[in-house]
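Here's the structure we're looking at; comments come further down.
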Amino acid sequence: MRAVCFDLDGLIFNTEELYPRVMQELLRRRNKPFTWDLIDKMMGRPGRVSLQIMIDHHQLDDVVDDLYAESDDIFCAIWERELALMPGLLELLAALEQHGIPKGIATSSRAHIVQRQLPRFDLGPRFQFVLTSEDVTHGKPDPEIYLKAASRFGISPSEMMVLEDSQNGAQAAVAAGAIAVGVPGSHNRSRHTFEGCELVANTLADPRIYQLLGIESAASRPA
């Protein structure tokens, strides 16, 4: 494998733990029930698609643009206080850098949100590129974003590892022909399937990711 592409939400940042609270608040304001089945359908998809799923599911009178603005206000207030990196991320980035393996991000989030989050931990310069929902016509689980990622790396999708925490994202990676690795959070692990993935890791610190890449962790290499 010649490159690694990272999802963002729930994979780099703990945002998949935060998004359900946003959806729960949106629905509370409309006296509608919050269910994990609905979140499963929305997770990993572009925001506009996810919000339309919510509108259709609950037959809301809202339009997507209004829900987008309202959800942004709720979400930004939460992540400004609680945004955190996922376990094992920094160690994996360091190992990839020591071995000269390029890295990119392919996310269903919008560019302006990503551009606010990455600087919080000075992550932007560590990635060769960032693809967002605004860079594709068809969002995950369509493979378009990962086909574009491979093209940006200048390699075949089969030479690229994709790290994904959601079922929709993993389906996109598998459909693109990439080496897909599922890294689900506690909720996704019990409710999402990762068919076609090379492995389902416990966290980004899982030694099987390093083994699949054929590299050592940065900590295990001699100084």
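The values are calculated or read from the model by the stated rules, or taken from the named source; none is laboratory data. Just so it is clear, the structure is predicted and the values come from calculations on it, not from any experiment. Positions of Cβ are backbone-derived with ideal geometry, glycine not excepted, and every protein chain shown enters the neighbour counts.
On the basis of being of a type in the set (D, E, K, R), farther than 21 Å from L51 by Cβ and modelled with pLDDT under 95, does R120 make the cut? Before the answer, list the steps.
Details: of a type in the set (D, E, K, R): yes; farther than 21 Å from L51 by Cβ: yes; modelled with pLDDT under 95: yes.
Answer is yes for this residue.
Out of the residues in the range 130-169 meeting the condition of being modelled with pLDDT under 95 and not in a loop (DSSP other than H, G, I, E, B), tell me which one is surrounded by the fewest Cβ atoms within 10 Å (Cβ to Cβ).
E134
Working only within the range 33-52, note down all residues that are surrounded by 14 or more Cβ atoms within 10 Å (Cβ to Cβ) and in a helix (DSSP H, G or I).
Within the range 33-52, L38, I39, D40, K41, M42, G47, R48, V49, S50, L51, Q52 qualify.
Go through R208, R152 for me and flag whichever is among the basic types (K, R) and in contact with a Phe, Trp or Tyr (Cβ under 8 Å, 6 or more places away or on another chain).
Numbers: R208 fails: in contact with a Phe, Trp or Tyr (Cβ under 8 Å, 6 or more places away or on another chain).
Only one candidate passes the filter, namely R152.
Go through (1) of a type in the set (D, E); (2) at pLDDT 90 or above; (3) surrounded by 15 or more Cβ atoms within 10 Å (Cβ to Cβ) one by one and return the number of the condition D61 breaks.
(3)
Can you tell me how many residues within the range 64-84 are of a type in the set (F, W, Y) and surrounded by fewer than 13 Cβ atoms within 10 Å (Cβ to Cβ)?
Going through the range 64-84, the residues of a type in the set (F, W, Y) turn out to be 68, 75, 79.
With the extra rule that they be surrounded by fewer than 13 Cβ atoms within 10 Å (Cβ to Cβ), the set shrinks to none.
The qualifying residues number 0.
Go through the range 5-46 and give me each residue that's in contact with a Gly (Cβ under 9 Å, 6 or more places away or on another chain) and of a type in the set (S, T, N, Q).
Pass one, the range 5-46, residues in contact with a Gly (Cβ under 9 Å, 6 or more places away or on another chain): 5-7, 9-11, 14, 16-17, 19, 43-46.
Within the range 5-46, just N14 meets the criteria.
Name the residues in the range 90-114 that are in contact with a Gly (Cβ under 8 Å, 6 or more places away or on another chain) and either modelled with pLDDT of 95 or more or surrounded by fewer than 19 Cβ atoms within 10 Å (Cβ to Cβ) (or both), would you? I'd like the intermediate steps shown before the answer.
Let us first name the residues in the range 90-114 that are in contact with a Gly (Cβ under 8 Å, 6 or more places away or on another chain), namely 108-110.
Answer for the range 90-114, where residues must be in contact with a Gly (Cβ under 8 Å, 6 or more places away or on another chain) and either modelled with pLDDT of 95 or more or surrounded by fewer than 19 Cβ atoms within 10 Å (Cβ to Cβ) (or both): just R110.
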